[in-house]
1. Tally up the residues in segment 129-183 that are farther than 30 Å from residue 29 by Cβ, aromatic (Phe, Trp, Tyr) and not in a helix (DSSP H, G or I), please.
2. Within 30 Å of residue 101 (Cβ to Cβ) and β-branched (Val, Ile, Thr): is that true of residue 187 in this structure?
3. Those residues that are among the charged types (D, E, K, R) and either in contact with a Leu (Cβ under 6 Å, 6 or more places away or on another chain) or surrounded by 13 or more Cβ atoms within 10 Å (Cβ to Cβ) (or both), I need them from segment 138-151; list them, please.
4. Which residue pairs have Cβ atoms under 8 Å apart, sit 6 or more places apart or on different chains, and have a first residue in segment 47-71 that is more than 12 Å from residue 139 (Cβ to Cβ) and free of Cβ contacts under 8 Å to residues at least 12 places away in the same chain and a second that is in a loop (DSSP other than H, G, I, E, B) and among the aliphatic types (A, V, I, L, M)?
5. Within the bounds of segment 152-160, is there any residue that is open to solvent by less than 80 Å² (accessible area, probe 1.4 Å), more than 30 Å from residue 69 (Cα to Cα), modelled with pLDDT of 95 or more and out of contact with any strand residue (DSSP E or B) (no Cβ under 9 Å at 6 or more places or on another chain)?
6. Could you go through segment 100-115 and let me know if any residue there is at pLDDT below 95 and in contact with a Phe, Trp or Tyr (Cβ under 9 Å, 6 or more places away or on another chain).
7. Would you check if there is a residue in segment 185-202 being over 20 Å from the mean Cα position of the chain (by Cα), on the phi < 0 side of the Ramachandran plot and in a loop (DSSP other than H, G, I, E, B)?
8. For the subset of segment 190-202 comprising residues that are surrounded by 11 or more Cβ atoms within 10 Å (Cβ to Cβ) and of a type in the set (D, E, K, R), which member is nearest to residue 139 (Cα to Cα)?
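The values are calculated or read from the model by the stated rules, or taken from the named source; none is laboratory data. In this text, all values refer to a predicted model and were calculated from it rather than measured experimentally. Ideal geometry is used to build each Cβ from the backbone, glycine not excepted, and the neighbour counts take in all protein chains shown. Remember, those area values only see protein heavy atoms, side chains included, never the ligands or the DNA or RNA. Shrake-Rupley method; radii C 1.70, N 1.55, O 1.52, S 1.80 Å.
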Amino acid sequence: YGLELNKYGILKKTALSYLASAGFCVAKVRYGVWSTKNKSDVFVDMINVNRFFFNQDAEDPRLSDIYRMGEIHDYTWNELKRDFYTGSEADMRVLREEYASVLGRARNQETNRAEDNLDNLDFYGSANNNKYRVFEVWRKCVRVVEYVHDKAKGEELFDEIHGKSYYDNINAQRISQMMSYGIDEETINSQLIEHHSIAEEYWEARWLTPN
């Protein structure tokens, strides 16, 4: 459904052209508002390889050692408001302060071509005076979570909210209740929650200005 919705035939041709010219291609799957459809749905975006970056010490050809990556965005003022303005005066003040130097530039490049913008792409600022630079940065982080296998409910999950003591208390309640009914130890053990703490990797996203 998602591929059909995003015109997969065009995406395949774009991916092939990037593979032929740059040796790699980058796609991003996200969920957002389709203004032309008046609803939220899945997007599949092909990212121009000139706008993609990642940690330069990566050695694995499978890219398993990437821990930081991102995309360079150049937004119009309306696109900037669409994504970062919630309607409050504080939001608008922050946007105007962050992009004060850009807002003060002359608006004389309405006819900038896409190839001109890419050929003159600078990391810290847009080549188009009508655009505003935003960095979308994804960073791999590590957190401690509780691995939980609740055999009684048939559930297996990674809990980032509740820790060891929470599940120890649940097990203690189950033991007390089943012992009061005279249930044997083997059956009791089969109904307890198996759990332990583990380190889990996850990705965190931030959107930054050049400042």
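1. 1
2. Numbers: within 30 Å of residue 101 (Cβ to Cβ): no; β-branched (Val, Ile, Thr): yes.
The answer is no for residue 187.
3. Narrowing segment 138-151 to residues among the charged types (D, E, K, R): 139-140, 143, 146, 150-151.
Once the filter is applied, which keeps residues that are among the charged types (D, E, K, R) and either in contact with a Leu (Cβ under 6 Å, 6 or more places away or on another chain) or surrounded by 13 or more Cβ atoms within 10 Å (Cβ to Cβ) (or both), segment 138-151 yields 139, 140, 146, 150, 151.
4. If the second residue must be in a loop (DSSP other than H, G, I, E, B) and among the aliphatic types (A, V, I, L, M), the pairs left are 58/66; 65/58.
5. Within segment 152-160 (the criterion being open to solvent by less than 80 Å² (accessible area, probe 1.4 Å), more than 30 Å from residue 69 (Cα to Cα), modelled with pLDDT of 95 or more and out of contact with any strand residue (DSSP E or B) (no Cβ under 9 Å at 6 or more places or on another chain)), the answer is no, since none of the residues qualifies.
6. Let us first name the residues in segment 100-115 that are at pLDDT below 95, namely 100-115.
If we keep only those that are in contact with a Phe, Trp or Tyr (Cβ under 9 Å, 6 or more places away or on another chain) too, we end up with 102-103.
Within segment 100-115 (the criterion being at pLDDT below 95 and in contact with a Phe, Trp or Tyr (Cβ under 9 Å, 6 or more places away or on another chain)), the answer is yes, since at least one residue qualifies.
7. Of all residues in segment 185-202, those over 20 Å from the mean Cα position of the chain (by Cα) come to 185-198.
Within this subset, residues satisfying the condition of being on the phi < 0 side of the Ramachandran plot are 185-198.
If we keep only those that are in a loop (DSSP other than H, G, I, E, B) as well, we get 191-192.
Checked segment 185-202: at least one residue is over 20 Å from the mean Cα position of the chain (by Cα), on the phi < 0 side of the Ramachandran plot and in a loop (DSSP other than H, G, I, E, B).
8. For segment 190-202, the residue satisfying everything is 200.
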